Amino acid sequence: MHKHYDVVIVGGGIQGLSLAYYLARDSLRRVVVFEKGYLGSGASGRNGEMIRSAFGSRQWIGLWDKSLQLWENLAAELGFNVMFTRHGYMILATKPEEFDALKQNQKTQREHGLTTMLLDAEEVMRLIPAMNPAVIAGGLLQAQGGFARHDAAIWGYARAARRLSVDIFPATEVMDIVIKSGRVQSVKTSGGEVETRTVVNVAGAHDQRISKMAGIELPTEVHRIEVMVTEPIKPFLTKAVSAPGLLCYMHQSARGEFIGGAEKDDFVPSTSMKNSLGTTCAIAFKYVRIFPQLAGVRMMRQWTGLVSQTPDHAPIMGPVPEIEGFILSVAWGGYGFMGGPGGGKALSEYIITGEVPPEIRPFNAERFETGKLVIEPAIIRKEH
C-alpha cells in the first residue's frame, strides 16, 4: 500500500472496478480500490445478470445505453470472456395498460436513437411459444440486450485494472475519511492510512456508512433482493424476460438453468441477508405463471443481495457541494450491474476532465432538494 493515491475508490463491485480500470486506462492517476469483503461480494455478484438500455426516460436511456455499447465489446476490451450474450431482452406487458405504457416508452426510445420492437400478444407467443398466453398483453424487445456472467465481469475488470497498476485491496475496511477545511485529506483503513484528495463512494448497500464519515447524509434505504437458479432443463428461452407488472425477471443459461428473481408485492426495506420462504414462493409462483412447464422443476440454489435505493429509484452520481473531493456513485438499486461499464466510464471522465458528462448530470445529489427527480417508468419498482 502506497502512502499517497490520486483517487481512492471505496467498494470492489462492478462500479468501483470499472471506474478504476477506466481511470487507469485514460489517465496517469494512481488509483486504489478498497473492498471490505471479497471482490464482487455485494450486489455485483448477487444479481440476475440481465442487461438492457430500453427504458422509458431520456435520463436512464442515456446512461444505460452508454453502458450497453461498452458491454458489446467488453470481453475484447478486457481480454477476458465476460460471457455477454446478446440474445435480446423482452419487457413483458401482462395487462393492456402496461402495453400502452410500452408504446409510450418506445416513442421515447426512438427519440433517443434506440431500436426496439413493439410486439402484440400473438407476436410474443410466436417468439416465445412456451409462455402462458393468459399473461400476455404484448411486449417490447430490444434485440441488442441480453445477459452476462456477473462473476466474469468482476474478474475481467479486476485483472485489467491490475495490469494497469491499480492497487486492489480486498478484506480491507475503510474506517474513516479525514476532512479538513471542507476537503478530503486522507482515508484510514484497517490496513493503514493513505493520503488522497479524491474519494469515490461506490460502497453499494454500505453507502450511508461511508458518506457519514465525510459528514454527508444520503436519502437512501437498503432493500434485499433474492435470486434463485433452477436445475438445468432443456433450453427453450433464448431471451432475457422481465415482467414489471409481476415484479419478476428471468433468463435461461446455456446449460439450461433458469436464473432470476421476483419480489413479493409487499416488499419492505431490509438489511437481512437471509433468504425468505415468502420471496422464494413468490419467485416460484410467478415463474410457473409465465412458463407453465417450469412446474415441478427443482430449485438448485438461491442467494440474497442488498442494494441501496433512492426515493426516485435512480442512482446518485457525481460530486457533492459540501465536501471538495468527495464523489458519489451510489444507490443503483437492482440496475447497477447492467449500468456498471457506463457508470464507471462516465465518472472517470468527470474525474479526469473536471466536467460532468451529460449522461450523469441528471443523477446529481442536489435533485432531492431542487425537486428535479428522475422518474423512470420501465423498471421493477414498488409504488409508494
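Where a number appears in this text, it was derived from the coordinates with a stated rule and is not lab data. Remember, predicted model here, so these are calculated numbers, not experimental data. Backbone-built Cβ (ideal geometry, glycine too); neighbour counts: all protein chains shown.
Build a GNM of the chain with springs between Cα atoms under 10 Å apart, and of LEU247, LEU68, LEU277 the one that fluctuates most is LEU277. Taking a Cβ cut-off of under 14 Å around SER211, the surrounding Lys, Arg, Asp and Glu residues balance to a net charge of -3, with basic ones at +1 and acidic ones at -1. The stretch 336-350 and the stretch 1-33 have Cα centres spaced 13 Å apart. Counting only residues at least eight positions apart within a chain, or on another chain, the lysines with an alpha carbon under 25 Å from that of LYS264 are LYS95, LYS239, LYS274, LYS286, LYS382. Taking the Cα atoms of the stretch 305-384, the ratio Rg/Rh between the radius of gyration and the Kirkwood radius comes to 0.95. Note on the chain: Kirkwood radius taken over Cα pairs, Stokes-Einstein applied at 37 °C and 0.692 mPa s, translational D equal to 156 µm² s⁻¹.
Mean projection of the Cα convex hull over all viewing directions, computed for the stretch 339-384: 4.3 nm². With springs only between Cα atoms under 10 Å apart, run a GNM on the chain and tell me which of TRP71, TRP155, TRP60 wobbles the most. Answer for the Gaussian network model of the chain: TRP155. Its Cα gyration tensor gives the stretch 66-199 an equivalent ellipsoid; the semi-axes, largest first and in whole Å, are 44, 20, 15. Evaluated over the Cα positions of the stretch 260-335, the convex hull gives a direction-averaged projected area, one quarter of its surface, of 7.1 nm².
Helical content of the chain, expressed as a calculated mean residue ellipticity at 222 nm, amounts to -8500 deg cm²/dmol (DSSP H runs of 4 or more residues, -39,500 (n - 2.57) each, divided by residue number, nearest 500). Using only the Cα atoms of the stretch 10-52, build the gyration tensor, take square roots of its eigenvalues as a ≥ b ≥ c, and label the shape rounded, prolate or oblate: rounded if a/c is under 1.5, else prolate if a/b is larger than b/c, else oblate. Because a/c hits 1.5 or more and a/b fails to exceed b/c, the stretch 10-52 counts as oblate. Distance from the Cα centre of the stretch 275-296 to that of the stretch 117-194, in angstrom? Centre-to-centre distance over Cα atoms comes out at 25 Å.
Our summary gives the stretch 44-150 a relative contact order of 41 percent, counting only alpha carbon pairs under 8 angstrom and 6 or more residues apart.
Evaluated with a Cβ-only charge set (Lys, Arg +1; Asp, Glu -1), the chain carries a dipole of roughly 760 debye about its Cα centre, given to the nearest 20.
When only the Cβ of Lys, Arg, Asp and Glu is charged (+1, +1, -1, -1), the dipole of the stretch 336-384 relative to its Cα centre reaches about 140 debye. Over all directions, the projected convex hull of the C-alpha atoms in the stretch 1-115 averages 9.6 nm² in area. Each principal axis of the Cα cloud of the stretch 199-262 was evaluated for its coordinate range; sorted largest first, these ranges are 53, 25, 17 Å.
Eigenvalues of the alpha-carbon gyration tensor of the stretch 204-357, scaled by 5 and square-rooted, set the equivalent ellipsoid semi-axes at 35, 18, 12 angstrom, largest first. Toward the positive end of the charge dipole of the stretch 148-281, with +1 on the Cβ of Lys and Arg and -1 on the Cβ of Asp and Glu, the farthest Cα among THR198, ALA214, TYR249 is that of THR198. Could you grab the relative contact order for the chain? Cα pairs under 8 Å, six or more apart, rounded to a whole percent. Averaging sequence separation for qualifying contacts and normalising by length gives 24 percent for the chain. Rounded to the nearest 20 debye, the dipole magnitude of the stretch 212-371 is 1020 debye, with +1 charges on Lys and Arg beta carbons, -1 on Asp and Glu beta carbons, and the Cα centre as origin.
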